[in-house]
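A short worksheet on the structure shown next.
The values are calculated or read from the model by the stated rules, or taken from the named source; none is laboratory data. Please read all numbers here as calculations on a predicted model, not as lab measurements. Using ideal geometry, Cβ is built from the backbone for each residue, glycine included, and neighbour counts are taken over all protein chains shown. Note: areas computed on protein heavy atoms with side chains; ligands, DNA, RNA excluded. Shrake-Rupley method; radii C 1.70, N 1.55, O 1.52, S 1.80 Å.
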Amino acid sequence: LKTYSLYELNEFLLRVIALNFSEPLWVTAEIGQIGVSQGHTYLDLLQKEGDTIIAQQRAAIWAVDLRRIKNNIGSIVQDILQEGMEVKIKARVNFHERYGLKLIIDDIDPTYTIGKLQISKQQLISELQKLQLIGKNAALPLPSVIQRIAVISSETAAGWQDFKNHLRENMYGYTFETHFFHSTMQGNAVEKELTAQLINIQKDIHRFDCLVIIRGGGAKLDLVAFDTPSVCKAVATFSLPVFTGIGHEIDQTVLDMVAHSSLKTPTAVADFIIQHNVQFESSVNESARFIQFYLKNRLSTEGGVLTKAEDMLKYKPAQILDFQSFNLKNYTIFLKQHLQQKIKFEKSQIENLEKIASFLSVESTLKRGFSIIRKNSKIVQSKFELHAEDIIEIELKDGATSSKIL
Amino acid sequence: MKKTNNDLNYETAMSELQSIVSALQNDEIGVDELSEKVKRATELIRFCREKLRKVEEDMEDVLSV
């Protein structure tokens, strides 16, 4: 058997590889580590099955190639070239006697990465739906007035300054208390830093009315961190209402979906909060107007009752007195009439009696032919009072005469 | 039952006033008690008006803040 020096072996391998991989080819992989040195980008490409790495390969993009790729597909390249990204790259298989095997990346297909992200985003959405986490934060009641605001943003982000200025310059003179919690808003560190700040805020939860997550503008793939399960679940279950303004126009991130309210920009979030407070103030004003209206009404109603009672008191007692004196007058008339009738009646009664009396008088009886017999001046009323030889006196209408009984 | 003005509040004054008024309307008050009742009713009205005026003033103070 022939013995080769290492160089001879590697030179042989180089020839084998160059012969078999004369043309560049498309490869899909996940980016492991990535770093830049002297303008060149060095990466570890991986393929996993579950959590196990089943293939690994070093790769590089030369500075000149990166510039060309950027010119072709735009700055999205920066977002694709991040740890954890699924990529489809066009590479030449390169073997160097000293540095070994390396894929030299020549082109990148951004649609592959976007598609992958879209799929994992959809998976996350359906998982959150299953867990009933979408709409959970939105169900939290907002305090009547929002004043104490926890903000997660990047110190350097223009969005944070816009937000602060917009709140401060509100035309209603409301004051706000903002508490800043720094987190990177771009790149891989977002997930870790943002969830860490959520935990910090949770500790002081009673100090805040709401949480605002904002950042300035940025490329679409920059938003990937806002589609990660850990961030989305933490926000969905957060006990403060969360408002997002992460500065994007077209696509909604999953974070926006689980937030209480999602606005396009940081200034829109500030407006939202200001308007919320305006609503409260106008409802207070409304109540004040109602109270004034009610009071005026009530006072005039009560006053009306009193006036009515007063009016009643003016005429009713007089009416009662009039009625009573009318009654008295009637009684007087009645008494007078009654008296007259009584007198008349008595008079006629007397007249009747007089008539009867005169009819029954001795004189008229005698005139009608009756006579009175007296014995010893006493009127004789029975034949047994008379005896023979008795002297009697007979009175007739025209005088008296004496007789003797036989 | 006759109450002294110290026990009086708007509500009791109003209900006493109402009962006098309705008794008057229903001719349930005789001449003997008429002047006494009318005097009482007038007193109650004055009391109630005074209360209303006070409430109005208070509310103006409160709402003008």
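Among residues of the range B:6-29 that are more than 12 Å from B:Ala41 (Cα to Cα) and among the aromatic types (Phe, Trp, Tyr), those with a beta-carbon under 8 Å from a residue that is open to solvent by less than 20 Å² (accessible area, probe 1.4 Å) and assigned to a helix (DSSP H, G or I) at least six positions away or on a different chain give the pairs B:Tyr10/B:Cys48.
Condition check for A:Ile119 on (1) open to solvent by 60 Å² or more (accessible area, probe 1.4 Å); (2) in contact (Cβ under 8 Å) with a residue 24 or more places away in the chain: one failure, at (2). Those helices (runs of 4 or more DSSP H) of the range A:4-101 in which at least 3 residues are more than 29 Å from A:Asp222 (Cα to Cα) and of a type in the set (A, V, I, L, M, F, W, C), considering only elements entirely within it, cover A:6-20. Scanning the range A:317-338 for residues that are away from chain B (no Cβ under 14 Å) and open to solvent by less than 100 Å² (accessible area, probe 1.4 Å) turns up A:Asn330, A:Thr332, A:Ile333, A:His338.
If you take the residues in the range A:252-268 that are crowded, with 21+ Cβ neighbours inside 10 Å and polar (S, T, N, Q), which one is nearest to the chain's Cα centre (by Cα)? Filtering the range A:252-268 for residues that are crowded, with 21+ Cβ neighbours inside 10 Å and polar (S, T, N, Q), the one nearest to the chain's Cα centre (by Cα) comes out as A:Ser262. Flag not set for A:Ile114, criterion: assigned to a strand (DSSP E or B) and either of a type outside the set (Gly, Ala, Ser) or open to solvent by 20 Å² or more (accessible area, probe 1.4 Å) (or both). Under the condition of being of a type in the set (Gly, Ala, Ser) and facing another protein chain (nearest Cβ under 10 Å), which residue from the range A:300-316 is most open to solvent (accessible area, probe 1.4 Å)? Across the range A:300-316, the extreme among qualifying residues is A:Ser300.
If B:Arg49 passes every condition in (1) more than 7 Å from every other protein chain (Cβ to nearest Cβ); (2) of a type outside the set (Ser, Thr, Tyr); (3) open to solvent by 70 Å² or more (accessible area, probe 1.4 Å) but one, which one does it miss? Going through (1) more than 7 Å from every other protein chain (Cβ to nearest Cβ); (2) of a type outside the set (Ser, Thr, Tyr); (3) open to solvent by 70 Å² or more (accessible area, probe 1.4 Å) one by one, B:Arg49 breaks only (1). Name the single residue, out of those in the range A:269-299 being open to solvent by less than 30 Å² (accessible area, probe 1.4 Å) and touching a strand residue (DSSP E or B) at 6+ places or on another chain (Cβ under 9 Å), that is nearest to the other protein chains (Cβ to nearest Cβ). Out of the qualifying residues, it is A:Ile273.
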